[in-house]
1. Tell me, please, whether a residue that is within 24 Å of Arg38 (Cα to Cα), assigned to a helix (DSSP H, G or I) and touching a His at 6+ places or on another chain (Cβ under 9 Å) can be found in the stretch 98-109.
2. Do we find that Val137 is part of a loop (DSSP other than H, G, I, E, B) and within 15 Å of Ala83 (Cβ to Cβ) in this structure?
3. Can you find a residue that is of a type in the set (Val, Ile, Thr) and assigned to a loop (DSSP other than H, G, I, E, B) anywhere in the stretch 40-62?
Amino acid sequence: MPTRSARTAWNGTLEQGSGQVELSSSKIGTYQVSFPTRSADDPGGNTSPEELIAAAHSACFAMQLSANVAEAGGSPDALEVSAEVSLGPDKDAGGFKLTGITLTVRGEVSGLDADGFARAAQAAKEGCPVSKALTGVEISLDAALES
């Protein structure tokens, strides 16, 4: 399997510095990062490690769920997945940590009922490689079929 890469160029201190994250493998962009915008309610057009993790997790989960639905005998017609990654203080070790991830999925699936979809979604939450990498973070799941 291939290896993917990104790089960050950082200048300055944590509080006053900033950087640029480059998605090197895909070459689709370079994005601004800074700690003040990382910890602000409004990121002002900048990204953060948490947003990049959310993007990776939602994509990985969607892929795994589509495989699980098909394996269970269903057809994943459409899946809408979002991931919210929270950053907060680390009271035990100091500094900051990821305090939680919420995966939300709404699916249009033929061939599975709501219980079958919920089982496939739970298995995807536990089985996608990004979830496995983030085992130190509490991950919650909200999965439902669309009418």
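Please treat every number below as a calculation from the coordinates, not as lab data. From a predicted model like this one, the values you see are computed outputs, not experimental measurements. When we count neighbours, we look across all protein chains shown, and the Cβ atoms used for this are built from the backbone with ideal geometry, even at glycine.
1. No.
2. Taking the combined requirement at face value, the residue satisfies it.
3. Taking every residue of the stretch 40-62 in turn, at least one turns out to be of a type in the set (Val, Ile, Thr) and assigned to a loop (DSSP other than H, G, I, E, B).
Rundown of residues vs (1) within 28 Å of Asp142 (Cβ to Cβ); (2) touching an Asp or Glu at 6+ places or on another chain (Cβ under 6 Å); (3) surrounded by fewer than 19 Cβ atoms within 10 Å (Cβ to Cβ); (4) in contact (Cβ under 8 Å) with a residue 12 or more places away in the chain, yes/no style:
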{"residue": "Gly19", "(1), (2), (3), (4)": "no, no, yes, yes"}
{"residue": "Ser24", "(1), (2), (3), (4)": "no, no, yes, yes"}
{"residue": "Glu51", "(1), (2), (3), (4)": "yes, no, yes, yes"}
{"residue": "Leu65", "(1), (2), (3), (4)": "yes, no, no, yes"}
{"residue": "Asn68", "(1), (2), (3), (4)": "yes, no, no, yes"}
{"residue": "Ser75", "(1), (2), (3), (4)": "yes, no, yes, yes"}
{"residue": "Ala78", "(1), (2), (3), (4)": "yes, yes, yes, yes"}
{"residue": "Ala83", "(1), (2), (3), (4)": "yes, no, no, yes"}
{"residue": "Asp115", "(1), (2), (3), (4)": "yes, no, yes, no"}
